[in-house]
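The values are calculated or read from the model by the stated rules, or taken from the named source; none is laboratory data. These figures come from a predicted structure and were not determined experimentally. Because the Cβ atoms are built from the backbone with ideal geometry, glycine has one as well, and the counts that use them run over all protein chains shown. Heads up: the accessible areas ignore ligands, DNA and RNA and are worked out on the full protein's heavy atoms, side chains in. Shrake-Rupley method; radii C 1.70, N 1.55, O 1.52, S 1.80 Å.
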Amino acid sequence: MAEASTVNRELRPTPGQLALARAIAEGGEARGEAITHVPATVYTDPAHFERERRALYDRMPQILVPSALLPEAGMALPHDTTGRPLLITRDAEGNAHVFLNVCRHRGTRLVEGKDAVCTKKLVCPYHAWTYSVDGRLLALPRPDSFPGMDKGKMGLVELPSCEAGGLIWFSPADHADFAHARALGEDMDAFGTAAHVLFRRKTHTVRANWKLIMDAFLESYHVTRLHAKTIGPFFKDGVTSGDMIGPFARSAVGRLEEMDGVDLENMATLRRVITFAYQLVPGALIIPSPDYLNVMTMMPQAHDLTLVEDFMLIPEEPATDKARDHWERSWALLDGGVFAGEDFRAAELGQQGLSTGAVPELTLGTLEAGIRRYHETVEDALRAAN
């Protein structure tokens, strides 16, 4: 394992993180009180999926990308997988914005591709209307042919957004409340997320309902079984603790390392004995490993089809081939082996089985109570939207 950076050694956990770690150190397990159930139709019914999409993905704040994708001022990043043509930018003052990637003249897409570009100006390829990365319309050819037009009212259409804890959020609805995003940002600051750099980014096509993917990260019952050949041997079976940050679930799982004498108030040493996970509504996951972080966003395309974008963030750019090889192995283990090869595959197998109708409802044991709580949060959002 690569040595933790100097910055990481100086970080301290939040009170909430520390409380979960101490609960595990005291030997407790986070358990529900009884068996619960989730109807299979919430995964298999296209009409139910559409109601969820309108109530959650068309209304709630959600993570787009880590801040590390736009590390410098004067950058722009197209983002299409929410179903909207978005453009994320960082202006000259370092502030992040989320716009519709649409020229105000004739609706032409401004920036093509999927990667961030360094630019101070955004020029429409059709008629060369030119915008700044803060959305202002700067210039247009032959302004005399638009008599009376107020250039100040023709800037890019901006959507509500928030940058907190090294994550860039947006809301598809006006009057967004980012209070929970900022509260989560305090935990992300404890990991030093904003100072991390992007190492790898990949979008996975998973033929399963987005909630089946989320379910795997809401319980530890499967860890030593599904992941028996990868990360399972590093963890204690079912030794977990958890709580909520608003509607977001925060959990901690005990690793095999002994906790006696460990300074739990030092984030670097804490991460060697505890693995945290964050499960966000509507659909995102943050998994801080001992020396790096994975951020995954769920972008549902249909009731049985989800795009999952995985970002691996590391403390600093690799300085040597040895360091790069370390991160490459870590990326291959988690993104390819654990997530794609095990968690996403399990979701696909579950979708195939539930689609037969053989299992009318999922039966959840006391170690799977997090799944029930997550579905209750989704149900609350559905009721609030009606």
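For this structure, a couple of remarks:
To keep it simple, each residue is scored yes or no on (1) within 19 Å of the chain's Cα centre (by Cα); (2) farther than 17 Å from PRO39 by Cα; (3) free of Cβ contacts under 8 Å to residues at least 60 places away in the same chain.
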position	(1), (2), (3)
ARG329	no, yes, yes
GLU348	no, yes, no
ALA358	no, no, yes
LEU367	no, yes, no
ALA384	no, yes, no
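- Within segment 55-103, considering residues that are touching a Phe, Trp or Tyr at 6+ places or on another chain (Cβ under 7 Å) and in a loop (DSSP other than H, G, I, E, B), the one least open to solvent (accessible area, probe 1.4 Å): CYS103
- Segment 62-87, residues that are among the aliphatic types (A, V, I, L, M) and either more than 16 Å from GLU112 (Cβ to Cβ) or without any contact (Cβ under 8 Å) to a residue 60 or more places away in the chain (or both): ILE63, LEU64, VAL65, ALA68, LEU69, LEU70, ALA73, MET75, ALA76, LEU77
- Boolean, THR193 is surrounded by fewer than 18 Cβ atoms within 10 Å (Cβ to Cβ) and touching a Leu at 6+ places or on another chain (Cβ under 9 Å): no
- Some residue of segment 339-360 being under 28 Å from THR14 (Cα atoms) and among the hydrophobic types (A, V, I, L, M, F, W, C): yes
- Entry remark, segment 158-177: residues being closer than 19 Å to ALA385 by Cβ, open to solvent by less than 40 Å² (accessible area, probe 1.4 Å) and in a loop (DSSP other than H, G, I, E, B) number 5 in total.
- For GLY283, the criteria (1) within 27 Å of MET244 (Cα to Cα); (2) surrounded by fewer than 22 Cβ atoms within 10 Å (Cβ to Cβ) hold in every case but one, which is (2).
- Enumeration of residues in segment 104-116 that are surrounded by 15 or more Cβ atoms within 10 Å (Cβ to Cβ), of a type outside the set (D, E, K, R) and under 27 Å from THR203 (Cα atoms): LEU110, VAL111, ALA116
- Hits in segment 129-153 - residues which are over 26 Å from THR203 (Cβ atoms), open to solvent by less than 40 Å² (accessible area, probe 1.4 Å) and part of a loop (DSSP other than H, G, I, E, B): TRP129, GLY135, LEU140
- Considering only residues in segment 84-116 that are among the β-branched types (Val, Ile, Thr) and under 22 Å from the mean Cα position of the chain (by Cα), the one that is nearest to GLU158 (Cα to Cα) turns out to be VAL98.
- Inspection of segment 25-44 finds a residue satisfying the criterion of being modelled with pLDDT under 95 and at positive phi.
- Hey, GLU328 open to solvent by 30 Å² or more (accessible area, probe 1.4 Å), over 19 Å from PHE276 (Cβ atoms) and not in a helix (DSSP H, G or I) or not: no
- Leading residue by the ranking (most open to solvent (accessible area, probe 1.4 Å)) among those in segment 178-187 that are in a helix (DSSP H, G or I) and among the hydrophobic types (A, V, I, L, M, F, W, C): ALA179
- Residues in segment 340-375 that are modelled with pLDDT under 95, more than 19 Å from PHE49 (Cα to Cα) and part of a helix (DSSP H, G or I): THR366, LEU367, GLU368, ALA369, GLY370.
- Take the conditions (1) closer than 25 Å to LEU198 by Cβ; (2) in contact with a His (Cβ under 6 Å, 6 or more places away or on another chain); GLY246 misses just one of them, which is (1).
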